[in-house]
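Since the structure comes first, as structure tokens, the remarks are kept for the end.
Since every read-out is calculated from the coordinates, none of them should be taken as a lab result. Here the structure is a predicted model, which is why all the values come from computation and not from measurement. Using ideal geometry, Cβ is built from the backbone for each residue, glycine included, and neighbour counts are taken over all protein chains shown.
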Amino acid sequence: MFGLSKLFAAPEPPAKASDDFMPWLDSYKLGIRAIDADHRTLFDLVNSFERSVRMKESTAQVAVTLDALESYVAEHFAREEKYLEVAKYPATEAHKVLHRDLEQDIKDYRQDYLDMPEDFDTDEFLRFLSDWLKDHIQSEDLAYVPFVKGAKES
């Protein structure tokens, strides 16, 4: 016979899950404080854009989140590239090309949104940002970590 208290007991609440589209995970940390903070801010900005769209905010408000993302991407890339130059990272120029490509992609997506917000493929853009940011951090950025950390120690 099973106990009625178990049958009618309130279920355990699920573990609090983040409602972020792209939750920040410790596995994204590179161990370079300024770069990790920048990357976390980029995740926050992508999540802000996703929330704006999900909450059906005005086109103008969604555009503000895109502007903030575009601006911060440029700021972050400039900071990261300075680290690479100081560290004499051998793939700095190739890394910069990846950065310029992403900056252009974000500008293009932003313009597409401004031109025709009702036809904008938000899911495609979010997939692009998520894939690019996670892959870039965990492969391209991870490759420069020993150089930057080595330069800081010298």
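Miscellaneous remarks
- Computed over all pairs of different Cα atoms, the Kirkwood value for the hydrodynamic radius of the stretch 61-102 is 11.2 Å.
- With neighbour counts taken as other beta-carbon atoms within 10 Å, the residues LYS56, LYS88, LYS134 rank, fewest first, as LYS56, LYS88, LYS134.
- Entries in LYS56/LYS134; LYS107/LYS149; LYS29/LYS107; LYS82/LYS152 that, when Cα-Cα distance is taken, lie over 21 Å: LYS56/LYS134; LYS107/LYS149; LYS29/LYS107
- Comparing the chain with the 2.2 N^0.38 Å rule of thumb, its C-alpha radius of gyration ratio is 1.35 (two decimals).
- One compactness figure for the stretch 51-129 is 1.30, namely its Cα radius of gyration divided by 2.2 N^0.38 Å.
- Residue order, fewest to most beta carbons within 10 Å, for ARG40, ARG110, ARG100: ARG100, ARG40, ARG110
- Sorted by Cβ density within 10 Å, fewest first, the residues SER52, SER130: SER130, SER52
- Degrees, to the nearest 10: 122-135 long Cα axis against longest axis of the chain: 60 degrees
- The long axis of helix 92-115 is offset from the longest Cα principal axis of the chain by roughly 50 degrees.
- Considering only alpha-carbon pairs that sit under 8 angstrom and 6 or more positions apart, the relative contact order computed for the chain is 29 percent.
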